[in-house]
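Notes for the one structure printed next.
No value in this document is a laboratory result; all are computed from the given coordinates. Given the structure is predicted, the values throughout are model-derived calculations rather than measurements. Virtual Cβ from ideal backbone geometry, glycine too; neighbours counted across all protein chains shown.
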Amino acid sequence: MRWMSFGAERSIIRGITLSSIAAILVSLGSLLRAQSPTVVPRPNVRLPDEAAGLDAVVRALIGAFDQADIVALGEAHERQVDSDLRIALVRYPDFAKKVRTIVIEYGSASEQSTLDRYIRGENVSRAQLEQVWRTTALGANGLGEHPVYADFLRAIREVNSKLPADARIRVLAGDPRSREIPAFAVLKAEVRERHGKALLIYGGAHFFLTGPAEYLASLGDGIGLARRLDIDHPGRWLAVIPIGALARPSAIKEADIEPDYQKFDRALTTQLRPVLVSFQRLPFRDFRAEEFLGRALTTCRPPGGCRSVFKGSTLTLGQMADAGVYLGGDASAADKRNQ
C-alpha cells in the first residue's frame, strides 16, 4: 500500500460519498490490523514448580512432550553440564518411546548422509564424522571441536543400537547459517504431518522468544529459529534456556549488571542443581533479562563499545522463554567442569 500525505489526500476525498468513506475506513482498519504484530500462543504445558536434580529435570522435560510437540533445549556452547543433561535425556527409557527426531545446531546439511549412517550404527571414520560439525557456523567460529558434541551423537547411536529399525531416533543437521534450513522442512513434515515429537539442541539465545528492539532490527531479514517455530508450530513448542554460571565475556570491559544468583536461590525451596523452573511463575517471571541473560548475548556494534544487547532493556525472563534450567551461580565451577 502506498501512503500519501494528508494534503494530497484532501483533494481526492472531496468527491467521495460518506458511505464510500465509511467503506474505505473499514477496509483500512482491516489492513492495519492484518499488519499489526500478532500475539503468538505459548504451549499449555504444566511444569512442576521445581524439578530439582538431573533425573527430575529429565522426567519433567519428557513429560512436557505430552502437551508440546517440540522441546527446544538451549545450551551454553561446549559446557559439560549442558551435555550431561541432554545425554541423560536421550538415554532415559521413555525418551525414544516419545521422540523420534532430534535437530542439532552443530550439524551441516551437506553432511546429513554421514550423520545418518553414524546414528544408524554403520562404520564411519572419525575423520568423516568430524566433518559433520567442522563445516558448520560453530566450526567456522572455532567451536564444535569440544568432545561434548561427539559424546551426544555417540549416546544416540548407543540408544539406537538397542531399538528396532522402525523405532530409532533420527538426528537432523540444523546449522543455522541459512534462512532455509533443510532440517526444518523435514521437522515440519515429521511433526505436523506425522504427529511426531522433536527435541532441538541449539545455543540458548536461538530460543529467545523476543529481544531488545535494536537487537531484533540488527538481524535484518533473518527471522531466527524462535520465530520460525512460532510460524510452523504456534503454541506447540516449549522454549527452555539455561540460566546461571556464565562469567562476564572478556570483550566487555565496562562493568555490566552482576547477576544476583542469591535472589534466584532464595526464590527456590530446593538446594539441588540443576533445577527446572517455569518462567510463567512468580517471581521468576518478573526477573529482568538484563541481569540473568545479559552475558548470554553481547554485541560490539557502535556506538558504545562491547556490551550486552540487553543493556537498559525492561524485558523479563517471562518474556524471553517458557522455562529455564537453573545451574546456580558458580561460574568458576562450571568452567572447571568444562576443561
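Data for the structure
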read-out	value
Spatially proximal aspartates and glutamates relative to Lys98 (Cα-Cα < 19 Å; intrachain offsets below 8 disregarded)	Asp55, Asp66, Asp69, Glu158, Asp166, Glu190, Glu193
Net charge dipole size for the range 229-339 [Lys, Arg +1 and Asp, Glu -1 on Cβ; Debye, nearest 20]	140 debye
Principal semi-axes in Å for the range 52-114 [√(5λ), Cα gyration tensor, largest first]	21, 16, 10
Cβ crowding within 10 Å averaged over residues, with 232-245, 86-99 ranked highest first	232-245, 86-99
Cα→Cβ-extended label distance, 7 Å offset, between Glu214 and Ser110, nm	3.6 nm
Spatially proximal lysines relative to Lys263 (Cα-Cα < 23 Å; intrachain offsets below 8 disregarded)	Lys311
Relative contact order of the range 112-181, defined on C-alpha pairs under 8 angstrom at six or more residues apart (%)	40 percent
5 angstrom amide H check on Leu238, placed H, neighbours 5+ away	Ile70, Val71, Ala72
Among 310-322, 189-201, the order from most to least packed when residues are scored by Cβ within 10 Å on average	310-322, 189-201
Cβ-Cβ FRET estimate between Ala255 and Asn141, R0 fixed at 22 Å, reported to 0.05	0.25
The range 71-230 - percent relative contact order, Cα under 8 Å, separation 6 or more	38 percent
Selected from Ile156, Thr210, Leu172, residue furthest toward positive end of dipole (the range 128-287; charges at beta carbon)	Ile156
Cross-link reach list, lysines versus Lys97, counting only Cα pairs under 28 Å and skipping chain neighbours closer than eight places	Lys162, Lys188, Lys197
Packing-based exposure ordering (other Cβ within 10 Å, fewest first) of Tyr215, Tyr149, Tyr202	Tyr215, Tyr202, Tyr149
